[in-house]
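Undergrad: Take this structure, written in structure tokens, and hold onto it; I'll ask about it next.
Laboratory data are not the source of any read-out in this text; all were calculated from the coordinates shown. All values reported here derive from a predicted model rather than from experimental measurement. We place every Cβ from the backbone using ideal geometry, glycine too, and count neighbours over all the protein chains shown.
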Amino acid sequence: MELLLFLILFPLLTAVLCLVLPDHPIRRWVIRVSGVLIGAGAVYLLVTSYDSGMRLIDVPHEPVGMIMQVIVLAIALLVLYLGVRYRKPLAVGLILVQTALVQYFEFQYAPGLAMEANLFVDEFSIIMALIIGVIGSLICIYAISYMRCYHEHHPEIEDRRRSFFFIMFVFLSAMFGIVFSNNLLWFFFFWEVTTLASFLLIGYTRTEEATNNAFLALHMNLLGGIGFALALLYIGVTGAPLGLDRLVEGGAAVALVPAVLIAFAGLTKSAQLPFSSWLLGAMVAPTPVSALLHSSTMVKAGVYAIIKFAPVLSGTVPGLMVALVGGTTFFLASAMAITQSNAKRMLAYSTIANLGLVVACGGIGTYEAVWAAILLIVFHAVAKSLLFLSVGTVEHQIHSRDIEDMDGLIVKMPRVAAMILIGITGMFLAPFGMLISKWASLRAFIDAPGGLVFVLLIAFGSGVTLFFWAKWLGRLITRPLDEENIEGRVKTEEISVLFALSALVIGVCLLFPRIAHSLVEPYVLSIYGMVTQLGQDNEIIMILMLAMILVLPLTMLYFGNGRDRRKLDVYMSGRATTPDMHFKGSAGIDRQLSLHNYYLEGYFGEGKLMRIGVAVSVLLVLTMLELIVVPGVLA
Amino acid sequence: MIAWLYGIAFVILAPLLGGLVAGIDRRVTARMQGRVGPPILQSFYDVGKLFEKERAYVRASQNFYILGYLIFIAFSGALFFAGGDLLLVIFALTLSHIFLVIGAYSVTSPYALIGAERELIQLMAVEPMIILVSVGFYLASGSFYVSEIAAYGGPLILLLPGVFIGFFYALTMKLRKSPFDIATCHHAHQEIVKGVTTEFSGSTLGMVEIAHWYEAVLLIGITWLFFAWNPLVAVVAVALVYLAEIFIDNTTARAKWGFALGSIWLVTLVSTVANLAVFYIGGMA
């Protein structure tokens, strides 16, 4: 119990310290030490509780509840103030509705609802805590040198690093709160804190674009928050249990309506269609924010909620709707990623797509699907944080985040390029993590009723996925010219964090059978009484492939020097070409060789697919809500 | 469940079989074009000669990627013939092709780059179909393991006719046959220099050729599974399928990539949905 409170409260303490300390080595050390302690705390939680199953922990509701209520009101006032100041009537309206709903619940129903235990810990929350604690802290540590560099590059932006780190650590605290809360009112409180934190982080630069995108994120997440508040109200009216454990145990008869409403909130938070635009807009924020939102916090809170309610959604029509939203999002977001040359935007689409897969698994909600979903969350978190932070580092050196500008990166920044390679392969190739989980979700979908639709979406989605990752991969190792190594300019701390995350990507792949056996399987078993596996021989083959891939680069020792072979020039149709790849083109015009990737705009145009996606998903979401609103439909 | 001996046998024997198939292919092609054609063993002579050529490179790393291509294609075939999980076979096959694509990228040549992009389009075009083939086998036989699919005992082709049609359509691209040989091909008149292999020469090109042999045998193996209940029927069917592919190769001109991608996806969707939906409606899944 002390450990859970430590994980929730200690980041808060760090946050306050970041707020009061000036820009001084002391603050940097506070962040580093706290980051290490938070990560260590999460690991300690794993070591001490991985085999003890689900444990409820009774923390008295008062005075915590009182404090939370005050903070919720303060948040509402802050949003109200900002909404009025920036003339965003929608934000004002949404926060008023949401506050009214929550306050009504607080005064009318909350006192009458008995709570057995406000906190809990089980294998799934341990996994989430590890993701938040280890990856989240690494991102915060990375942000120290990144933000210094950022403000050197952007003197026009006001340096508000104090509040930046304050919000970053508040974010981590709220995430720990979400994954340890058994009381749904607490869950909701932390949920709203993450909404506000992401709003403030996206708007960090205070440019017009940033402000607008921040409000876009706020609007969508407040809408989701209203869904969550309605779920609470429903629980109050019907007298259903307020505890997450009891509510889920109640099954569809008791919990379907709140489950669907919370899944709706989860769809907004995990940026599923039609709510994807906020996550795309969020990339205006400094890169560590993107990394945090995409890998260990925010969107992961959304899918966490959906996975938690998967047993309730399983086999129901609204659950099928949730799954269809996820499946559609997976395919369309992957297809849209093909047309993106902006690395951060491409990564954002890939995040949306992968979360779509998790949501599809959650909506299907069988034991196989949940098993796959949890592994997806783990592998996605490590690989995606590595990719975002690497792109951030590259951007500061080559002053571009465009994939087309990243050619020759393997020469310019060999170590960073190698780590991006690890991240990319981790996202789509056998035997790395994401592929394992895609494989598992494919198997889960096949056995589900009506699973053919999902099988098709995942089959076509995989084809598309490999296209956009591979062409980025290729870009990095294309070398038009001999360029100099500029990697020395990167700060050691940034590189170290990237090293740590690369090691994590490879580590979780090597340890994946262990993670699956000791954490994911006990969790799935405790909920469904059944469990799935990939099969031991398959695990051995995967490890074998991984070993081959890790050993293969050693052949570069033989090939790399080119000792016994002749160096040839690139075939240029016989045109005389200078060493810097200039040649006489048609009509004698001097040209330089330039190579570009395919983006297939005509087939996978973003605008077209987005319109289709929004139309389909709005229909699905409305149907899902309709099903619980109109009485008797489900019966 | 996994018979590694068969896998090792594949690694050793598949190049022999694949080279032989390539030789017969060239002979049949020549006859279709009214030529005498080369000896059946010509493919072996060609590859043997490639390994005697001067060692040369454009970028030192290219050999590393091509070696990866060869190793993983042999690995995926070995896994298939050892009776392993079909999905894992497909993923390993995809991995091997990514090595080829990256090798083509690494040389930084305009022609190899076009080939690399087109090779990726090919991968994107056929990936859904080959995944759905394994899904079809699973729904019909109850297992993803090649050993169990092969031992199913009944004619899978009758349960999976639509899937087979889709697979046959995509096989043209997998075997690098016209009209879907958009990345690289053996028809000089319709090739953009030499596509993905433009900058590969000597032993590097030899490795690419051997990898193609491995892949051809693996694809023949997958075709075999549809007919595996009766070896005699299977031999005839596989021969007919291959003959049909050679015929298509010689009677069509290379399609544009957009048509190749679009039509393969469309055929995949229509043929497999019509076929696999039966399993879901019938409650057999």
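Undergrad: With springs only between Cα atoms under 10 Å, which of B:Q122, B:Q62, B:Q33 fluctuates most in a Gaussian network model of chain B?
TA: Checking each option, the largest mean-square fluctuation is seen for B:Q33.
Undergrad: Report Rg(Cα)/(2.2 N^0.38 Å) for segment A:1-72, keeping two decimals.
TA: Normalised by 2.2 N^0.38 Å, the Cα Rg of segment A:1-72 equals 1.37.
Undergrad: For segment B:6-118, just say rounded, prolate or oblate: build the C-alpha gyration tensor, square-root its eigenvalues into a ≥ b ≥ c, call rounded for a/c under 1.5, and beyond that prolate if a/b exceeds b/c, oblate if not.
TA: oblate
Undergrad: Among B:V236, B:V267, B:V208, whose mean-square fluctuation peaks in a Gaussian network model of chain B (Cα, cutoff 10 Å)?
TA: Highest fluctuation among the options: B:V236.
Undergrad: Among B:V193, B:A60, B:G221, whose Cα lies farthest out toward the positive end of the dipole of segment B:4-277, if unit charges sit on the beta carbon of Lys, Arg (+1) and Asp, Glu (-1)?
TA: Farthest along the dipole direction, towards plus: B:V193.
Undergrad: Just name one of A:L546, A:Y598, A:G588: the one whose Cα is farthest towards the positive end of the charge dipole of segment A:482-635 (beta-carbon charges, Lys/Arg +1, Asp/Glu -1).
TA: Final value for the positive-end residue is A:G588.
Undergrad: Follow-up. Where in segment A:1-42 does the amide nitrogen come within less than 19 Å of the point 7 Å from the Cα of A:V70, taken along Cα to Cβ?
TA: Label zone hits: A:9-10, A:12-17.
Undergrad: So if I take the centroid of the Cα atoms in segment A:440-464 and the same for segment B:247-284, what is the distance between those two points in Å?
TA: 17 Å
Undergrad: Here's a follow-up. Under the √(5λ) rule applied to the eigenvalues of the Cα gyration tensor, what semi-axes describe the equivalent ellipsoid of the protein assembly as shown? Give them in Å, descending.
TA: The equivalent ellipsoid of the protein assembly as shown has semi-axes of 49, 33, 23 Å.
Undergrad: Follow-up. If you place +1 on the Cβ of every Lys and Arg, -1 on the Cβ of every Asp and Glu, and leave all else neutral, what size is the dipole of the protein assembly as shown about its Cα centre, to the nearest 20 Debye?
TA: 1560 debye
Undergrad: Given a Förster distance of 25 Å, report the FRET efficiency between A:R162 and A:E209 from their Cβ-Cβ distance, rounded to the nearest 0.05.
TA: The computed FRET efficiency comes out at 0.60.
Undergrad: Suppose R0 equals 45 Å; then what is the FRET efficiency for B:E52 and B:A151 from their Cβ-Cβ distance, rounded to the nearest 0.05?
TA: Calculated value: 0.55.
Undergrad: Please check which bits of segment A:164-196 a label hung off A:T48 would reach, taking the label as a point 7 Å along Cα-to-C-beta and the cut-off as backbone N under 19 Å.
TA: Answer for this model: A:173, A:176-182.
Undergrad: Quick one: go through segment A:171-208 and flag any residue whose amide nitrogen is under 17 Å from the point 7 Å out along the Cα-to-Cβ line of A:V16.
TA: In segment A:171-208, the label zone of A:V16 (backbone N under 17 Å from the point 7 Å along Cα→Cβ) covers A:171-174.
Undergrad: Now, a different point. Please list 3J(HN,Hα) in residue order for segment A:478-487, calculated via the Karplus relation 6.51 cos²θ - 1.76 cosθ + 1.60 where θ = phi - 60°; whole Hz, with x for glycine and proline.
TA: 6, 10, x, 10, 7, 10, 8, 7, 10, 5
Undergrad: Project the alpha carbons of chain B onto their principal axes and report the range along each, largest first, in whole Å.
TA: That gives 59, 41, 39 Å along the principal axes, largest extent first.
Undergrad: On average, how many beta carbons from a partner chain sit within 10 Å of the beta carbon of a residue in B:126-136?
TA: Across B:126-136, the average partner-chain Cβ count within 10 Å equals 5.
Undergrad: Same structure, new question: Roughly how many whole Å is it from the C-alpha centroid of segment B:207-221 to that of segment A:240-272?
TA: About 51 Å separates the Cα centre of segment B:207-221 from the one of segment A:240-272.
Undergrad: Is it possible to state the helix-based mean residue ellipticity at 222 nm for chain B, with each DSSP H run of 4+ residues giving -39500 (n - 2.57), the sum divided by total residues, to the nearest 500 deg cm²/dmol? What is it?
TA: For chain B, the value works out to -25000 deg cm²/dmol.
Undergrad: Right, next: Take B:T251 and A:S594, extend 7 Å from each Cα along the Cα→Cβ direction, and tell me the distance between the two endpoints in nm.
TA: 4.6 nm
Undergrad: Mean-square fluctuation check for chain B, GNM, Cα pairs under 10 Å: which of B:T251, B:T94, B:T198 is largest?
TA: B:T251
Undergrad: Suppose R0 equals 45 Å; then what is the FRET efficiency for A:R489 and A:L80 from their Cβ-Cβ distance, rounded to the nearest 0.05?
TA: E(calc), rounded to 0.05, equals 0.50.
Undergrad: For every helix of n ≥ 4 consecutive DSSP H residues, a contribution of -39,500 (n - 2.57) applies; sum these over chain A, divide by its total residues, and give [θ] at 222 nm rounded to the nearest 500 deg cm²/dmol.
TA: So the calculated ellipticity at 222 nm is -23000 deg cm²/dmol.
Undergrad: How much length would be gained if the chain were fully extended between A:E62 and A:F583, taking 0.36 nm per residue of separation minus their Cα-Cα distance, in nm to one decimal?
TA: 179.9 nm
Undergrad: Oh, and also: Would you kindly compute the Cα radius of gyration of segment B:101-217 and its largest Cα-Cα separation (Dmax), both in Å?
TA: In Å, with Rg to one decimal and Dmax whole: 17.0, 50.
Undergrad: Another question about this same structure. So for segment B:4-277, taking the charge dipole from beta-carbon charges (+1 Lys/Arg, -1 Asp/Glu), which of B:F44, B:S271, B:I12 sits furthest toward the positive end?
TA: B:F44
Undergrad: Let me ask something else. Determine, at each q value in 0.15, 0.16, 0.19, 0.21 (inverse angstroms), the log₁₀ of I(q)/I(0) that the Debye formula gives when each Cα of segment A:499-635 is one equal point scatterer.
TA: Values returned for q = 0.15, 0.16, 0.19, 0.21 Å⁻¹ are -1.07, -1.07, -1.08, -1.13.
Undergrad: Could you pull out every residue, at least 5 positions away or on a different chain, whose amide H is within less than 5 Å of the one on A:D402? Hs are placed 1.01 Å off N in the peptide plane, and Pro or chain starts have none.
TA: Under 5 Å from the amide H of A:D402 lie the amide H atoms of A:A343, each far enough along the sequence or on another chain.
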